[in-house]
Amino acid sequence: MLACAAVVHAGWPVGTHAQSPNTLPSLGDPVSDDLSIGMERLIGEQIMREIRRDPDYLDDPVLLEYLQSMWQPLVEAARARGEIGVELDLRFTFEPFLVRDRSVNAFALPGGFVGVHLGLIAVTATRDEFAAVLAHELSHVTQRHIARSIAPSRQASILGLVTTILGVIAASRSGDPTVGRAVMTAGQGAAIQTQLNFSRDMEREADRVGYGVMTQAGYSPGGMASMFEKLDRASRFNDSGDYPYLRSHPLTIDRIGEARSRIGAGPAPSATGSVMLHATMRARARVMMDPRADNLRRLESQAGPAAADAGAGVAAGGPGVERLPDVLVSAALADRAERLATAYASALASTLLRNWKQADASIAQAFALARAAPPSDIAPLRAVQLLQVQSLLERGEVASASAALAPLARSEVARPVLLLQAQIALTDPARTSEAGLQVLKHSAEVLQTWVATHPSDATAWRTLGHLWAPLAQPLRALRAEAEAALAQGDLRGAIERLRAAQRLARSGGQVDFIEASVVDARLRALEAQRRALLAEQGQQRDGGPPQ
């Protein structure tokens, strides 16, 4: 099971800071002397190589797209505020990822990698609460709290730091400290674990900076206070280990009071963005964080026929709603969002259980509720459309899935849509016909354009390899497999696949010379990267200073 960590800051996404907000590098910065930005990134990449192999590492295109849509405005706001220095921006990845775990937690790793448990998404009532967690963790990154925590261990090797952090993550996830100690080196592990725990001053700094970042990004300032209050209630009533964030982020009275005082004495700010879209994402997280059959049956059974009748007349701006006070409109939308979440969760659970009749009934309920959203809010309807396509594909109804996806495919270029298009093309029984091959080619070309601007998308590269293979493009297929391996941190595997492509190109026959040249260039670049990595690791083993 993927471990989640207090060491790397379990809780809201974490991170590290470059220099001060005004942004030339500090040549005398002791943090840079002890743990450079490049070294921190290298440690993070080595940890991520292990995490990406874990079955709980989750690439769900729909949830990941939502996480990215929440995360990117925060990163842009941090840049605008000067929290992200030039070197940090160049070297750190600022990459959020999902962890299939029902506990309420998130964590950041060295180098700016940020893990989010599905349990955290499931427990947040609004997108502003979720944004507050992300902003807090991002501020740990931008203030370089990780480096400042482990700086005293400058003589530790990269391997030692990686092993220690993985051990602390394992201990945090399991609730059994002996698990972490079994992974870590005795003595060194205990010392570094202490260094990796953030101090109360760092927590307050992350609160303060995170508050500024989230409000500049357009999120409601009430999100941080309401999330603190939720965690405070959990800390009083919950000691089951379901809230690891509470163990790594102890909530003091001062921190809670400061979060409340920042809002001021005025009325509570309204939630921002699509309340109904967040409800569908909470529902999706609830289903996917625990795919056991008993949980799926429980979620499936919660949708009732009343939900379908709720589709008429409560949308803001619809008949009868304009005369209601704002607070009642908000209450009506909140109630509708909860019913949409229930129908969405039931539809997805029924799909995974292959109960197609119940899935269709719940999807119909979800459509009725999503269509009653405010006219300007089409996001929840899109979420239900994507779920319908997923359900149709799961039962093998490729033509129906293609027809259901067509309106979205015509109007947008988005990762969930592109990957569903590819899946439809690959599973179409007529894919070997002339028309089917044209569909495969179109999907491959569109996805090739996507990876050109998103080169770290391992799933897209892997899917692209599957598309090029039946199109008699073996060099492109092998190169796509190599890029997928590289995106997952498997540098050796990427080199092996490129060498196989090179041998194929030199074996004679019809060769795409442009693609063969690309393969040669990529192979030279990755071999040089591997030599540099081995040299840096060798220097660390020999006790040289980190660069």
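The values are calculated or read from the model by the stated rules, or taken from the named source; none is laboratory data. What you see is a predicted model; the values in this text were computed from it and never measured. No Cβ is skipped: glycine too gets one built from the backbone with ideal geometry, and neighbour counts run over all protein chains shown. The accessibility values were calculated without ligands, DNA or RNA, using every heavy atom of the protein model including side chains. Shrake-Rupley method; radii C 1.70, N 1.55, O 1.52, S 1.80 Å.
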Log entry, pairs with first residue in region 68-95 being closer than 21 Å to ILE121 by Cβ, second being assigned to a helix (DSSP H, G or I) and open to solvent by 60 Å² or more (accessible area, probe 1.4 Å), beta carbons closer than 7 Å, six or more apart or on different chains, reads ALA77/GLN216
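Any residue at all in region 500-519 that's closer than 25 Å to MET48 by Cα, open to solvent by 80 Å² or more (accessible area, probe 1.4 Å) and not hydrophobic (A, V, I, L, M, F, W, C)?
Taking region 500-519 as the starting set, the residues that turn out to be closer than 25 Å to MET48 by Cα are none.
No, because not a single residue in region 500-519 is closer than 25 Å to MET48 by Cα, open to solvent by 80 Å² or more (accessible area, probe 1.4 Å) and not hydrophobic (A, V, I, L, M, F, W, C).
Can you confirm whether region 125-142 contains a residue that is of a type in the set (S, T, N, Q), surrounded by fewer than 23 Cβ atoms within 10 Å (Cβ to Cβ) and closer than 30 Å to VAL287 by Cα? Steps first, please.
Within region 125-142, the subset of a type in the set (S, T, N, Q) is 126, 139, 142.
Retained after the next criterion (residues that are surrounded by fewer than 23 Cβ atoms within 10 Å (Cβ to Cβ)): none.
Looking through region 125-142, none of the residues is of a type in the set (S, T, N, Q), surrounded by fewer than 23 Cβ atoms within 10 Å (Cβ to Cβ) and closer than 30 Å to VAL287 by Cα.
Give the residue that is modelled with the lowest pLDDT, with candidates limited to residues of region 533-547 that are in a helix (DSSP H, G or I) and open to solvent by less than 70 Å² (accessible area, probe 1.4 Å).
Let us first name the residues in region 533-547 that are in a helix (DSSP H, G or I), namely 533-541.
Add one more test, that the residue is open to solvent by less than 70 Å² (accessible area, probe 1.4 Å), and what stays is 533, 535-540.
Values: LEU533: 78, ALA535: 80, GLU536: 69, GLN537: 66, GLY538: 66, GLN539: 61, GLN540: 56.
Filtering region 533-547 for residues that are in a helix (DSSP H, G or I) and open to solvent by less than 70 Å² (accessible area, probe 1.4 Å), the one modelled with the lowest pLDDT comes out as GLN540.
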Report whether or not LEU67 is within 22 Å of PHE228 (Cα to Cα) and modelled with pLDDT of 95 or more.
yes
Would you mind stating whether ALA108 is aliphatic (A, V, I, L, M), surrounded by fewer than 24 Cβ atoms within 10 Å (Cβ to Cβ) and closer than 26 Å to ALA259 by Cβ?
no
From GLY119, GLY111, grab the single residue that is in contact with a Ser or Thr (Cβ under 9 Å, 6 or more places away or on another chain), over 27 Å from VAL275 (Cα atoms) and of a type outside the set (A, V, I, L, M).
GLY111
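Given the residues ARG530, ARG492, ARG499, which is the only one that is assigned to a helix (DSSP H, G or I) and modelled with pLDDT of 95 or more?
Of the residues listed, the single one that is assigned to a helix (DSSP H, G or I) and modelled with pLDDT of 95 or more is ARG499.
Name the residue that is nearest to GLU394 (Cα to Cα), counting only residues in region 338-356 that are in contact (Cβ under 8 Å) with a residue 40 or more places away in the chain, in a helix (DSSP H, G or I) and not hydrophobic (A, V, I, L, M, F, W, C).
Here is the first cut: in region 338-356, the ones in contact (Cβ under 8 Å) with a residue 40 or more places away in the chain are 338, 340-355.
Filter again for in a helix (DSSP H, G or I), leaving 338, 340-353.
After this cut, where a residue has to be not hydrophobic (A, V, I, L, M, F, W, C) as well, the list is 338, 342, 344, 346, 350-351.
Values: GLU338: 26, THR342: 21, TYR344: 16, SER346: 15, SER350: 11, THR351: 7 Å.
Looking at residues that are in contact (Cβ under 8 Å) with a residue 40 or more places away in the chain, in a helix (DSSP H, G or I) and not hydrophobic (A, V, I, L, M, F, W, C), I get THR351.
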Those strands (runs of 3 or more DSSP E) completely within region 82-180 that have 2 or more residues that are modelled with pLDDT of 85 or more and under 21 Å from the mean Cα position of the chain (by Cα) are 95-99, 113-117
